Amino acid sequence: MTRLQHVISGGDVTNDELDAAIADPAVLRGAERKAWHGLSYWADDDDIRAKDPAYAPFRRRQLAELLAALEREKNG
């Protein structure tokens, strides 16, 4: 959740940071797994963000939706 909020707020995340935070993403389920994939796509898409200025805000909105789903799942 911290990494998601960081990116949503204008930060960045790398695949190395994701790997350090979650050694085995295959154990994640539900909203956690979707959030991890969202962050993974973000880390992979730096070239697209560099070419298309509208892409980062679009992806950040999607990450905010993933964060909201994760919060709902965590809070039952």
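The values are calculated or read from the model by the stated rules, or taken from the named source; none is laboratory data. In this text the structure is predicted, and so the values were computed from the model without any measurement. A quick note on method: Cβ atoms are made from the backbone with ideal geometry, for glycine too, and the neighbour counts reach across all protein chains shown. Accessible surface areas use protein heavy atoms only, side chains included; no ligands, DNA or RNA. Shrake-Rupley method; radii C 1.70, N 1.55, O 1.52, S 1.80 Å.
Laid out as a table, the results:
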{"quantity": "Shape category assigned to region 9-63 from the gyration tensor of Cα positions, a/c cut at 1.5", "calculated": "prolate"}
{"quantity": "CD proxy at 222 nm, helix term only [per DSSP H run n ≥ 4: -39500 (n - 2.57); per residue of the chain; nearest 500]", "calculated": "-22500 deg cm²/dmol"}
{"quantity": "Surface per residue (accessible, 1.4 Å probe) for the chain, Å²", "calculated": "64"}
{"quantity": "Whole-number percent relative contact order across the chain, with pairs defined as alpha carbons under 8 Å at least 6 apart", "calculated": "43"}
{"quantity": "Between region 1-39 and region 51-76, the Cα center-to-center distance that results, in Å", "calculated": "11"}
{"quantity": "Karplus 3J(HN,Hα) series, Hz, for region 59-76 with 6.51 cos²θ - 1.76 cosθ + 1.60 (x for Gly, Pro)", "calculated": "5, 5, 5, 5, 5, 5, 5, 5, 5, 4, 5, 5, 5, 4, 5, 5, 8, x"}
{"quantity": "Positive minus negative residues near residue 13 (Lys, Arg vs Asp, Glu; Cβ under 13 Å)", "calculated": "-3"}
{"quantity": "³J(HN,Hα), Karplus 6.51/-1.76/1.60, whole Hz, each residue of region 32-48, x for Gly, Pro", "calculated": "4, 5, 4, 5, 4, 4, x, 5, 5, 4, 4, 4, 7, 9, 4, 5, 5"}
